[in-house]
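Undergrad: Quick one: the structure is below, and I'll ask about it shortly.
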Amino acid sequence: MVRDPGAHLGESYRLFGKITQFDSATGTNTFRASIGYDKKWPASYGYVDYDANAIFLGVSTDLEDVVQDDVVELWVTCMGSTTYQTAIGGSQTVPYSLVGKVKRYATAS
């Protein structure tokens, strides 16, 4: 799904990741996360290494218990890809998924 999200439309996945942006810019129902297929725990200094960037859409009330820097387990459905504007004025195209369930298992801050 990460390399070619368009080829995996409608498929469901269990992913792990660290929420990298969940603020007023993303809103209450969308967040950006670095993700992977394996569960990783934060090191003692709070760093978690996931190499893929993605955007997730969920129901606001289902996302109330997670915040930026949380390390999470996600059950998602692939919706293809989306493009967003970066802080330095460029654009980035990333996988885009609908969150069915999210569970926080650590905080990396």
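Undergrad: For the stretch 4-24, how many residues are closer than 23 Å to Asp49 by Cα and in a helix (DSSP H, G or I)?
TA: 1
Undergrad: I'm checking my understanding of the structure. Among residues of the stretch 28-51 that are under 21 Å from Gln85 (Cβ atoms) and either modelled with pLDDT under 95 or hydroxyl-bearing (Ser, Thr, Tyr) (or both), which one is nearest to the chain's Cα centre (by Cα)? Full working, then the answer.
TA: Keep residues of the stretch 28-51 that are under 21 Å from Gln85 (Cβ atoms), which gives 28-35.
Filter again for either modelled with pLDDT under 95 or hydroxyl-bearing (Ser, Thr, Tyr) (or both), leaving 28, 30, 34.
On the way: Thr28: 14, Thr30: 9, Ser34: 6 Å.
That would be Ser34.
Undergrad: Taking the residues in the stretch 94-109 that are surrounded by fewer than 18 Cβ atoms within 10 Å (Cβ to Cβ), among the small types (Gly, Ala, Ser) and modelled with pLDDT under 95 as candidates, determine which candidate is nearest to Gly10 (Cα to Cα).
TA: Only one residue fits best here, namely Ala106.
Undergrad: Now for a separate question. I'm checking my understanding of the structure. Among residues of the stretch 71-93 that are among the β-branched types (Val, Ile, Thr) and either surrounded by 18 or more Cβ atoms within 10 Å (Cβ to Cβ) or free of Cβ contacts under 8 Å to residues at least 60 places away in the same chain (or both), which one is nearest to Ala43 (Cα to Cα)? Outline the logic, then answer.
TA: Keep residues of the stretch 71-93 that are among the β-branched types (Val, Ile, Thr), which gives 71-72, 76-77, 82-83, 86, 88, 93.
Still in the running and either surrounded by 18 or more Cβ atoms within 10 Å (Cβ to Cβ) or free of Cβ contacts under 8 Å to residues at least 60 places away in the same chain (or both): 71-72, 76, 82-83, 86, 88, 93.
Details: Val71: 12, Val72: 15, Val76: 26, Thr82: 31, Thr83: 31, Thr86: 27, Ile88: 28, Thr93: 29 Å.
Applying the filter and picking the extreme gives Val71.
The values are calculated or read from the model by the stated rules, or taken from the named source; none is laboratory data. Every value quoted in this text rests on a predicted model; they were computed, and no experiment measured them. All Cβ positions, glycine included, derive from the backbone under ideal geometry; neighbour counts span all protein chains shown.
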